[in-house]
Amino acid sequence: MKTEMEIAMKLLEKDTHEKQDTLVALRQQLDEVKAINLQMFQKVQGAETSMQLQNEMISSLEVKTNHMIPTSKEMEQRLQELEKARQEAEEKNHKMKCEFGGKIKNSEQQLEKLGKKCSSLERELKSEKEQRQNLQLELQQEKDKTCLLQTELQQMTGLKKELQKLQDEKKELQKICEEQEQALQEMGLHLSQSKLKMEDIKEVNKALKGHSWLKDDEATDCKQCQKEFSISRRKHHCRNCGDIFCNSCSNNELSLPSYPKPVRVCDACHTLLLQRCSSNTS
């Protein structure tokens with residue numbers, strides 16, 4: 001864009017110089033035409049002056065003819081000759097007037113055309129100057145925009161470097177987080193296994209000590225949901241832990257070592273026994 005604008009400026013300057021040279025040449029031609037018109041006018045004045053002189057001579061000859069009767073014939077002959085000469089001079093004068101009048105008219109027309117052309121060239125020159133000023137202003141604006149864009153580009157380059165640095169740090173942090181999560185999963189797995197082993201040990205100890213079978217009179221509400229027993233909410237013993245629960249909290253059956261058939265167990269014992277079975281199986 002900048003190169004195209006510079007080329008356009010050079011072309012405009014060249015065109016402006018050419019038009020200025022043409023304007024100078026037209027002005028020189030105009031001065032020459034004016035000089036020719038002046039010469040033609042002087043010649044016409046000279047011819048009119050000579051015509052006046054000839055008329056004066058004719059008048060003096062007529063006076064002399066009146067006074068010189070003996071020589072009147074000669075004078076008449078000379079007068080005729082002079083009249084003829086005068087007529088020829090008038091014809092020549094008329095021809096010169098016609099000829100120079102046409103030339104003057106053509107010169108005036110050419111002068112008028114040249115004046116119009118000069119005015120048109122001046123307007124074009126003014127327009128070209130305005131366009132040149134506008135182009136210079138646009139070029140300056142483009143230069144300012146280019147400087148701003150270069151500054152923003154430098155800032156963007158710095159931001160890209162910072163972004164790349166942050167992305168690298170993020171990848172390293174993600175890698176560290178993944179390693180820590182994997183370590184936490186492994187620790188959680190070991191912890192779950194340890195809890196299961198502890199539960200197994202507790203169950204074994206509990207089995208060794210014997211379950212304490214809670215009496216019906218000792219329980220007034222469900223051990224799990226804490227809802228009070230009534231005629232509609234009856235009491236049920238868990239055959240594993242011996243505590244008393246409502247029907248909804250002990251609606252499970254499992255096979256126990258001390259019972260040949262599946263018996264009622266509470267939700268907590270049901271979950272615990274299933275986990276122990278699955279861990280033993282694995």
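The values are calculated or read from the model by the stated rules, or taken from the named source; none is laboratory data. Because the structure is predicted, anything quoted here is derived from the model rather than measured. Every residue, glycine among them, receives a Cβ derived from its backbone with ideal geometry; neighbour counts consider all protein chains shown. Areas reflect the complete protein model, heavy atoms only, side chains present, ligands, DNA and RNA absent. Shrake-Rupley method; radii C 1.70, N 1.55, O 1.52, S 1.80 Å.
For the chain, what does the equivalent ellipsoid look like in terms of its semi-axes, each the square root of 5 times an eigenvalue of the Cα gyration tensor, given largest first in whole Å? Walk me through the intermediate numbers first.
Details: eigenvalues 4239, 115, 30 Å².
Taking √(5λ) for each eigenvalue gives 146, 24, 12 Å, largest first.
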Q.
Compute a Gaussian network model of the chain, connecting alpha carbons closer than 10 Å, and tell me which residue from Lys126, Lys261, Lys92 fluctuates the most.
A. Lys261
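Mind giving me the FRET efficiency for Lys34 and Lys95? R0 is 30 Å, r the Cβ-Cβ distance, nearest 0.05 is fine.
Values: r = 24 Å, r/R0 = 0.80.
After rounding, the FRET efficiency stands at 0.80.
Please state the charge dipole magnitude for the chain, taken about the Cα centre, from unit charges on C-beta atoms (+1 on K and R, -1 on D and E), reported in debye and rounded to the nearest 20. Each step should come with its number before you reach the end.
Values: 47 positive and 48 negative charges, 297 e Å.
Computed charge dipole of the chain: roughly 1420 debye.
Rounded to whole Å and sorted largest first, what semi-axes of the equivalent ellipsoid does the C-alpha gyration tensor of the stretch 47-188 yield via the square root of 5 times each eigenvalue? Before the final figure, lay out each step's value.
Details: eigenvalues 2634, 23, 8 Å².
The three semi-axes for the stretch 47-188 are 115, 11, 6 Å.
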Q: Could you tell me which of the pairs Lys2/Lys113; Lys19/Lys145; Lys2/Lys116; Lys92/Lys116; Lys223/Lys261; Lys227/Lys261 are separated by over 31 angstrom between their Cα atoms in the structure shown?
A: Lys2/Lys113; Lys19/Lys145; Lys2/Lys116; Lys92/Lys116
Q: Before rounding to the nearest 500, sum -39500 (n - 2.57) across all DSSP H runs of length at least 4 in the chain and divide by the residue total; then give [θ] at 222 nm in deg cm²/dmol.
A: -29500 deg cm²/dmol
(Q) How tilted is helix 2-67 with respect to the longest principal axis of the chain? Cα atoms for both, answer in degrees (0 to 90, nearest 10). (A) 20
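Leaving ligands and nucleic acids out of the surface, order Thr157, Thr3 by accessible area at 1.4 Å, largest first. Don't skip to the end; give the middle numbers.
Working: Thr157 65, Thr3 90 Å².
Result, largest first: Thr3, Thr157.
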